[in-house]
Structures are given as structure tokens and as C-alpha cells.
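J.: One structure, pasted below without further comment.
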Amino acid sequence: MRQTTVPEPKLIFEKSRAGRVGCNLPKCDTPSVDLGKILGETREDLHLPEVGELDMLRHFTNLSHINYGIETGFYPLGSCTMKYNPKINEMTARMTGFANLHPLQPVETIPGALEILHGVQSILCQVTGFDYITLQPLAGAHGEMTCLMLVRAYFESRGEGQKRKIVLVPDSAHGTNPASAARCGYDVKSIPTDAEGNTNLAVLTQVLEEIGDQVAALMLTNPSTLGLFEPNIEKICKMIHDAGGQVFCDGANMNAMVGTTRPGDHGFDCMHLNLHKTFSTPHGGGGPGCGAIGLQKHLEPFLPKPVIRTENGKIIADEDRPKSIGRVAGFYGQFLMEVRAYTYLMAYGKENMHRISKFAVLNANYVRARLKDVLPPAHDRPCMHECILTAEKYKKEKGVRALDISKRLIDYGFHPATNYFPLIVPECFMIEPTETENKETLDEFCDALIAICHEAETEPELLHNAPSTKIVGRLDETLAVKQLDVRWIPGAENKEYTRLRQAIQ
Amino acid sequence: MPYIPHTEADVAEMLAVIGVSSIDDLFCEIPANLQLQPGSLDIPKALDEPKLYAHLLEIASKNVDLSKVTCFLGAGIYDRYIPASVGAVISRGEFLTAYTPYQPEASQGYLQAIYEFQTMVAELYGCDIANASMYDGATSMAEAAIMSTSLNKRQKVVVSAGVHPHYRQVLDTYCWSMDIEVQTAPSTKGVTVPFVDDKEAACYIVQYPNFFGSIEDLAAVREACDKNGSTMIVVTDPVACALLKPPGHFGADIVVGEGQPMGVPMGLGGPGVGLFACKKELIRFIPGRIVGKTKEVHGDKPGYVMTLRTREQDIRREKATSNICTNEALMALANTVYMIALGKNGMRSVAESSVRNAQYMISELEKIGIGAMTNKVFCEFVVGLPKDAEWVCSAMLSKGILAGLPLGKYYDGPPNTLLICTTELRTKDQIDTYVSALKEVLA
């Protein structure tokens, strides 16, 4: 993190002075009323800060200076696809014709909105190779869960609901996969990864022989979280299908495949997409995420409502879906994010779509090649859009962990990579550069990591103590759990709140 | 492509370092039969930036957005004023383009803002604590219901018919997938009929103000929960809580809601932001993220981190308290800026203006013979019309007014009821225009 000149951050509550307002609000011109008579008991105390508009803006501008975003610098967080968010996306999402729509206004007044939703669906069907796309899920994990609900509804419709209660999940999977399966009432069985980084086919075969008739689905991430393409993908899908199960694709790594290969052609029955990753809707500090799911025809009757589809050449929002699993979100999904995704997809279009995956993969392999002498790759194979390296030797020889290397990167002005995921690689360092970074940035980053690895050999304390920025040093995450402090408490003299703090702690 | 900065020389140098002769060589592990020819997808051709902008503008102009009509439609998403400062703050790249603060030392700005958000949501709802936000109001409610089943090991949730129909539909979907029974408790005249004692009810859920705009009797709900050992869950509009006694002060265990009215555009209902607050004892069971305050390992400076992550899916996998991975940080930031910009007095003023406008409208409608079917309302109310409400709404739309939500689609009974909403943005003139337009339509 760069050194900044912002003042020591104070909480906004400490800047509050009774009587200040930070907004020029509308004046009410209807007659005043007796609130107590209409509402019954009204509240007396309300501890919200009172500050002027400039004070409020300074507060947040200063906070922004101690926060790192893609527009601050390189953000190689693996498995998160931190690509550039084009500014035109922000302009289109703010158009009044999109931003100022009420979800319950008559559907005939929103033909443009339906056109966007249908447009995103149509393009994503092509990009993924699936028959249908729904944009209702609100985030990636929400999409995973929705897919498993479709699988469950499918088996229930075939009278196999009670029989198929197991979901297979590789040991390298995102933690959301088993969590989503559990959320849908499934028992989870882990499938190991073999020495090459692929799904262990011998174990999978054995498991299917033993309990194949109880398996509802396999949840596979392809390319895997090891950054590797699963070369046996067609065979794996066939094995699961032969056992009567469904195959779900975790689409977190779709950026490696856009325009080059399609999960729908690999044999998958359904998948989720993270539009905030692959299709460039901004990550916003951890949300809104933006989910979507793709599915093959046999799962279509169970789609969540409303289903945006064409009928007699007109796009409609179909609510009359007797077999639907129901509604998974309040309204139409993350609509303004779909506007951004649509803008992005149309900027690339037919002739450029493949460049996304080509350059994402080029960048990852370049970083991998430049760093291989200091941080060896976990597997000696070409990687897809992210490379998984291991810092094991520094831990063994110098007691320096992958986390220490990451923290030191902050001192060099970079956001750290992902550490300790996937769980099966020791001292894992997961770098995803994305296609939007230029060669100079990658070189600066690699130079920094090479220098840090040299420091790990010669001055390991530098890494143990990192970061040493002016903002804040390494934070004690264990202390945060031990003495839970999750809100500001007005005035220690206030007995009620003192009790609250003690109770939380 | 402008978003991909590589020159031909860059590519050549990079390939040389990697030791392959072309980018395609890097895809050698994808079986050839699964690879596409570049440019072979059946999708529209790329648009340059001016054409792209014009194309989107053309699509946007096909919608009847709220710059073209006056909005008296609420039902969970509200036309409230968004101060200019909200957009200015959340557009800053350091916030807009950041991700989950996995490395807290590089993310102190967001983490502190979320800590402030948690404080203010807890305060508005009258609860001890709040989390760092959920997807939306509907999924917040479903997560709260599911949380209650694990708190008291019961498999049935009871929800009032006065809760937003879409929220109940999402609840149905979630509960179906988890083998939880959902029972709907009736409401009459716009309020929930007192809950029947049920020792199997994991929770009782009401909305406050409810879907019909009425203010429910939360003391009675608390009593029912106490009698039955059930969790009390309340879905609440945060703006109303600037004026009403908040659910937490009635002893609600979990309070959830939609944060959209606080600085988030309607956007056809998404993205919104789910609010989730509860009693302190429940903190380890909460779904989603929580930010906590801590200090440096080697110093005394305070700082903020995501905490209690041992509950989360990235660690506990299938044993996690929920599968939620993301929150709605950007929208939570919009809420935070909104709550601070308005502050205590601004929030009260917005809430009070809404009540005044609703009361004025109710009295003006009475003058043309349209009586409100609900009383003790906040900013929304139900009226009975002498004609089909859908028909009335389309006639009103042709006069430039989004008249409200016809309830025939959601509830049994005559198709003549209409849910009308007045936020602080409605003026006396607009209300007068509505009433005279309605008079004409009904004539």
C-alpha cells in the first residue's frame, strides 16, 4: 500500500455534533399531523451521526485513500478475476431508463429492461454452450445453490429424490460448493485430486461403483482451482451420467474459457457464472456479486421465476411455471449489474470474445514462467488463467510463510495474491493477473516478488513484520475473535451500552 | 481491444519467456474437439464506445422510467431521494473496484465503513448487533428463518400473510430445499391475526410496517414467541425505524430488511442490500460477514478485520452456518453514506414527511369516496376501488401516474384493492393531481 497523507481515521460518530445535517432534503408541503396519534409509540433516542456534507465527504474520501482497488493498482487475487471494470459500464448502468425502474411497475412498461435481460441470457447461452440461462441468482454461491435446487427438483420429478442424497465435491473445490450442497439437504463426499492435479479417476470410479445410485451430482470446478484444465472432462461427465447423476460446473474460472471452449459442450448439466468476475461488473468491496446459471434443457421446467423468454417474437417475464422451484430473489436479480454485463459483452462482441481467455491465459503463464525459480508452480503443466505457486521452501528453511510474502507485497505497493487456497497445496500462493494488465505491470510485480523472495532468504524479519505502512501494521485477527467488537458504542458512561459491550465480549 | 493492452511486441516477448511459439499452445490440454474457432459464436458484433452508448441509450429509452411518470408504487422498493454525495462516494474507484477485504491492512477504508454500517443498522433496528449485509431483503428473511431452525432445532416456520408475497415465495423455495415446513398465518384488515400457539414453530415472522403498510403489534408477537419458545423475526423498512419504536425495542431476536430505500437506486429491484441485525447472543450463528475491531500484532493502532470467519463456508465447508460468500458491500456503503448524510434529524424528517403525505392523501381520497382499508399506517396504505385495480392502474398510467400495486394477483378476494405509497418525494401537487386523475378515471 502506498504511503498516504490522510489523517488518522476517526469513526464518523466521533465527528458528530448535535444539529448538523449533511443533505439538503425535500421540504414537506402537506399539513403536519399528530404522529403519536397515527403511529402509536414513536422512538425517542436515535444515535445516528450528525455531520455536515463536506465533513462527510472528507470522511469517505480519506477512507478511500486507505483502501485498495483495481483502480489503485494491480490486484492479483487468485480465483477472484479482478479485471478492469470499463467506465462505459458505469455510465450505462446509471442511465435513468435503467436506474429508475420499479420492479413492480407493469411489465409492459419495461420492454428495454427485458431486452437487456434477454440479451445477456442469449449471449451467455452462446458463450457457455447451455440451452438456458437465468439471471435471477444474486451471487455466485447463490447460483450454485440454485443449480443444486434444480438438480433436486429434477430428481424429485423422476421419483429419485429420496434415493439420491449425496453430492461429490473434489477436495480442491471452493468452500461454497459443499456449503451450497448442504444448504440443499445433501450429504457431501469429498473426491481427492491426483498427483497431476486432475480429479482422481480411480477413486471416482470406485465411489461410483459403491454409491453411484445415491449420487445426485458432482460439483466440479473447471479449470480447477489449481489453475489447470481437466483433460478428462468428457469422460468424467460420462461416468457421472452413466451412474444416473448430474454434473455441475463451478464457473468461478470461466475467464479461462470465454470464446475458447464451452462447459455446455463438455458434458455439464448446469453451471453458475460470476458476472462480477468474468463479465466485469465491479466487485464493490465484496458485493454486489452477480450470479447467473446455465442449464441444459432437461432442467428447464424447474427454472426459478420469473423466466425471461420470447413468445411470438416478444420478450416476456413468464410467471406461470408450475414446475418451477419458485423465486430465489426478491425481484429480477441484480438488474443494474446485468446492464453492465450487457455493455461489456457488446463491447467485445463476436470477433473479440476469444481474446478475453487468450490474454488471461497468456498473462498467467507469463507470471508463472517469470517466477518459477523463486516460487515453483505446484504442477509442472501450462496453467490456465491463474497460476498456483508454493512458498514451501521458505517456510521450511526460514520460517517464512506464504502469508508473510503476501503482507510484504503490500509494502511494495501491490495487493497480495490469494493464500492457502486451494487447501491441498502447501504454502499456496495463487496469482490471477487477468487479461487487462499490461506487461510492464506484470514485470514490476514479478520483480517485487523476486526481491521479496530474496529478502525471505536474507532478512526474513522484514517479512514477518510486514506490512509496515503508515496506515496500520499487521492486524491481530485472533484478538478480533477473542474480544468481539462489532459496533461502536455511544458513551462508555452509558450503562446499557457498557453492559452490551461486556456481553458481546 | 482497448481493455486488453498487449502490443504484438509484448506478446512475442512474453511467449519467448514462457517458451512457447503461440498463445494457442497454452491451450494444449483442452481436447481439440472442445475448442472453438475464434469468432465462431453466434452473437452480435462488437460495438465501439459511441455506438455502444447510443445502443444502450436506445434500449433504456424504451422503458417508462420514473423520470416519465410519478411513482405511487412501493411494496418493498421505494422512490426516495438519493443525495448526490452518495453517488460521488460509491463511484470512487478505491471503493467501486475493491474486493472482499481478505487482506485487511490494504482495506481499512472499506472495513471501517462497514463497521460504521453495522453500528447504524443495529441502532436503527434497535438491536445489539448487525452483520455486514446480505443479498437482499427477501433472502435475508429466508436466512433468518433458517437460522431460527438451527437455534431451536425445529423444522417449521410460521410467517404472517402480511409479509411481502415475494419474500414469502423466496422463503418457500429456501425451506423446500432444506426440508423445512412453512405455515402461513392469516391477516385481516391489513394486520396479522394473533398467532396461534404452536410449540413446533421455530419462529414467527411479521413485517413492520407490513406489506399493506400497517404497523403490526410487535408486543403481541413477542408474547407469542415467549409462550412457544420461538424466535421472533421482524422484516422492517429501515426508514420507518427513524420514527417508529424499532423491533429490537420490542425484544425481536432477529430483524431483517431491505436497505434499498437508503441511497440505492430502484434499478428494477437489483442490486438491493439485505439488512440483518439480532441479539448479541446470536452472533456466532449469523450468516454472512461481520467486521470487527482489533489492533496491530506489533503495536497499539486500532484497525478492522473480517471476523468470526470460523462460521463461514470457506473454512467450515458443508458445516458452515450458510453458503453465503459475498455481501453487498457497495450498497451497504451507499446505505452508510445515506445514513450519515441525513443523520438523526434528516432520517426523522424523511420518515415524518412520508407519514404526512400518506395522511394527506388518505384524507383527499376520502373526499372522492375512496376509503383506506388499513389504518395506523406509515407511508403505504390499501384502498378499495369501485373498479378493477389493474384497469384503474393502466388508465392512470396513461395520465403519467404509476398509481400503486393492484393486490388481486397476490391475495384472494375482489380484484379492486390497490396498495398506494407516498414517500417524502411526493408533493402536495402530485397528490392532488393523483386524486383528480383518479376521480376522472372512475367517473
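The values are calculated or read from the model by the stated rules, or taken from the named source; none is laboratory data. Values in this document were obtained by computation on a predicted structure and should not be read as measured data. Don't worry about glycine lacking a Cβ; one is built from the backbone with ideal geometry, like all the others, and counts go over all protein chains shown. Surface accessibility is based on the protein's heavy atoms, side chains included, excluding ligands, DNA and RNA. Shrake-Rupley method; radii C 1.70, N 1.55, O 1.52, S 1.80 Å.
So that you can scan it fast, the table gives a plain yes or no per residue for (1) under 21 Å from B:Thr100 (Cβ atoms); (2) surrounded by fewer than 24 Cβ atoms within 10 Å (Cβ to Cβ); (3) in contact with a helix residue (DSSP H, G or I) (Cβ under 9 Å, 6 or more places away or on another chain):
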| position | (1), (2), (3) |
| --- | --- |
| A:Ala402 | yes, no, yes |
| A:Gly413 | yes, yes, yes |
| A:Cys428 | yes, yes, yes |
| A:Thr434 | yes, no, yes |
| A:Asp443 | no, yes, yes |
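J.: Checking the condition of a type in the set (Val, Ile, Thr) and on the phi > 0 side of the Ramachandran plot, which residue from A:Thr30, A:Thr42, A:Thr81 passes?
T.: A:Thr81
J.: Looking at region B:217-239, which of the residues that are surrounded by 24 or more Cβ atoms within 10 Å (Cβ to Cβ) and over 13 Å from the mean Cα position of the chain (by Cα) is farthest from the other protein chains (Cβ to nearest Cβ)?
T.: Only one residue fits best here, namely B:Ser230.
A quick yes/no check of all residues on (1) aromatic (Phe, Trp, Tyr); (2) within 30 Å of B:Ser107 (Cβ to Cβ); (3) away from chain B (no Cβ under 12 Å):
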position	(1), (2), (3)
A:Thr310	no, no, yes
A:Val339	no, yes, no
A:Tyr342	yes, yes, no
A:Asn363	no, yes, no
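J.: Ok, one more. Any residue at all in region B:354-367 that's part of a helix (DSSP H, G or I), under 30 Å from B:Ser91 (Cβ atoms), at pLDDT 95 or above and in contact with a Cys (Cβ under 9 Å, 6 or more places away or on another chain)?
T.: The answer is yes; a qualifying residue exists.
J.: Among what's in region A:374-390 and is over 25 Å from the mean Cα position of the chain (by Cα) and modelled with pLDDT of 95 or more, pick the residue that is surrounded by the fewest Cβ atoms within 10 Å (Cβ to Cβ).
T.: In this case the residue turns out to be A:Pro376.
J.: Identify the residue in region B:81-106 that is within 19 Å of the chain's Cα centre (by Cα) and more than 7 Å from every other protein chain (Cβ to nearest Cβ) and, among all such residues, is nearest to A:Met95 (Cα to Cα).
T.: Result: B:Gly87.
J.: Taking only pairs six or more apart or across chains, which ones have beta-carbon atoms under 7 Å, a first residue in region A:45-73 that is at the interface with chain B (Cβ under 7 Å from one of its Cβ atoms) and part of a loop (DSSP other than H, G, I, E, B), and a second residue that is open to solvent by less than 10 Å² (accessible area, probe 1.4 Å) and among the β-branched types (Val, Ile, Thr)?
T.: From region A:45-73, the pairs are A:Pro49/A:Ile12; A:Pro49/B:Ile340; A:Val51/A:Ile12; A:Val51/B:Ile340; A:Gly69/B:Thr97; A:Ile70/B:Thr97; A:Glu71/B:Thr97.
J.: Something else: Residue by residue through region A:74-89, note down the ones that are assigned to a helix (DSSP H, G or I) and either of a type in the set (Phe, Trp, Tyr) or within 7 Å of chain B (Cβ to nearest Cβ) (or both).
T.: Matches in region A:74-89: A:Ile88 only.
J.: Starting from residues that are in contact with a Phe, Trp or Tyr (Cβ under 9 Å, 6 or more places away or on another chain) and under 17 Å from B:Leu419 (Cβ atoms), keep the ones in region B:327-363 and report whichever is most open to solvent (accessible area, probe 1.4 Å).
T.: Taking the candidates together, the pick is B:Ile362.
J.: Also, I was wondering about something else. Given the residues A:Pro460, A:Pro426, which is the only one that is more than 26 Å from the chain's Cα centre (by Cα), more than 7 Å from chain B (Cβ to nearest Cβ) and farther than 19 Å from A:Thr72 by Cα?
T.: One residue alone meets the criteria, A:Pro460.
J.: Now for a different question. Do we have any residue at all in region B:303-316 that's touching a Pro at 6+ places or on another chain (Cβ under 9 Å), modelled with pLDDT of 95 or more and more than 7 Å from every other protein chain (Cβ to nearest Cβ)?
T.: Looking for residues that are touching a Pro at 6+ places or on another chain (Cβ under 9 Å), modelled with pLDDT of 95 or more and more than 7 Å from every other protein chain (Cβ to nearest Cβ), one finds at least one in region B:303-316, hence yes.
J.: Another one. Does region A:92-105 hold any residues that are within 7 Å of another protein chain (Cβ to nearest Cβ) and either open to solvent by 30 Å² or more (accessible area, probe 1.4 Å) or out of contact with any strand residue (DSSP E or B) (no Cβ under 7 Å at 6 or more places or on another chain) (or both), and which are they?
T.: A:Thr92, A:Met95, A:Thr96, A:Gly97, A:Phe98, A:Ala99, A:Asn100, A:Leu101, A:Pro103
J.: Now for a different question. Out of all the residues in region B:379-392, is one or more buried (at least 17 other Cβ atoms within 10 Å of the Cβ), touching a strand residue (DSSP E or B) at 6+ places or on another chain (Cβ under 9 Å), assigned to a loop (DSSP other than H, G, I, E, B) and away from chain A (no Cβ under 14 Å)?
T.: Yes, the conditions are met somewhere in region B:379-392.
J.: Also: Quickly run through region B:191-215 and pick out the residues that are open to solvent by 10 Å² or more (accessible area, probe 1.4 Å) and either of a type in the set (Lys, Arg) or in a loop (DSSP other than H, G, I, E, B) (or both).
T.: Step one: of region B:191-215, the residues open to solvent by 10 Å² or more (accessible area, probe 1.4 Å) are B:191-200, B:207, B:209, B:212, B:215.
Residues satisfying the conditions are B:Val193, B:Pro194, B:Phe195, B:Val196, B:Asp197, B:Asp198, B:Lys199, B:Glu200, B:Pro209, B:Phe212, B:Ile215.
J.: Could we say that A:Val486 is among the β-branched types (Val, Ile, Thr), under 21 Å from B:Tyr304 (Cα atoms) and more than 21 Å from the chain's Cα centre (by Cα) here?
T.: yes
J.: State the number of residues belonging to region B:32-51 that are within 7 Å of chain A (Cβ to nearest Cβ) and not β-branched (Val, Ile, Thr).
T.: Counting residues in region B:32-51 that are within 7 Å of chain A (Cβ to nearest Cβ) and not β-branched (Val, Ile, Thr) gives 12.
J.: Could you list, in sequence order, all residues of region B:110-158 that are closer than 13 Å to B:Met232 by Cα and free of Cβ contacts under 8 Å to residues at least 24 places away in the same chain?
T.: Across region B:110-158, there are no qualifying residues.
J.: Residues B:Leu15, B:Leu111: which one is more than 7 Å from chain A (Cβ to nearest Cβ) and open to solvent by less than 10 Å² (accessible area, probe 1.4 Å)?
T.: Sole residue among the options that is more than 7 Å from chain A (Cβ to nearest Cβ) and open to solvent by less than 10 Å² (accessible area, probe 1.4 Å): B:Leu111.
J.: Further question on the same structure: Step by step: first the residues of region A:141-182, then only those that are outside any helix (DSSP H, G or I) and small (Gly, Ala, Ser), then the one that is surrounded by the fewest Cβ atoms within 10 Å (Cβ to Cβ). Which residue is that?
T.: Per the stated criteria, the residue is A:Gly159.
J.: Any idea which of B:Tyr3, B:Tyr78 is more than 7 Å from every other protein chain (Cβ to nearest Cβ) and either in contact with a Pro (Cβ under 9 Å, 6 or more places away or on another chain) or open to solvent by less than 30 Å² (accessible area, probe 1.4 Å) (or both)?
T.: Details: B:Tyr3 fails: more than 7 Å from every other protein chain (Cβ to nearest Cβ).
One residue alone meets the criteria, B:Tyr78.
J.: Which helices (runs of 4 or more DSSP H) does region B:43-157 wholly contain that include 2 or more residues that are in contact with a strand residue (DSSP E or B) (Cβ under 9 Å, 6 or more places away or on another chain)?
T.: Because the criterion is at least 2 residues that are in contact with a strand residue (DSSP E or B) (Cβ under 9 Å, 6 or more places away or on another chain), the helices (runs of 4 or more DSSP H) in region B:43-157 that meet it are B:93-96, B:108-125, B:137-152.
J.: Only one of (1) under 30 Å from A:His354 (Cβ atoms); (2) more than 7 Å from chain A (Cβ to nearest Cβ) is not met by B:Tyr125, so which one is it?
T.: For B:Tyr125, the failing item is (1).
J.: Another question, if that's okay. Tell me the residue from A:Leu208, A:Leu218 that is closer than 21 Å to A:Gly251 by Cα and either aliphatic (A, V, I, L, M) or open to solvent by 10 Å² or more (accessible area, probe 1.4 Å) (or both), please.
T.: Values: A:Leu208 fails: closer than 21 Å to A:Gly251 by Cα.
Result: A:Leu218 is the single residue among A:Leu208, A:Leu218 that is closer than 21 Å to A:Gly251 by Cα and either aliphatic (A, V, I, L, M) or open to solvent by 10 Å² or more (accessible area, probe 1.4 Å) (or both).
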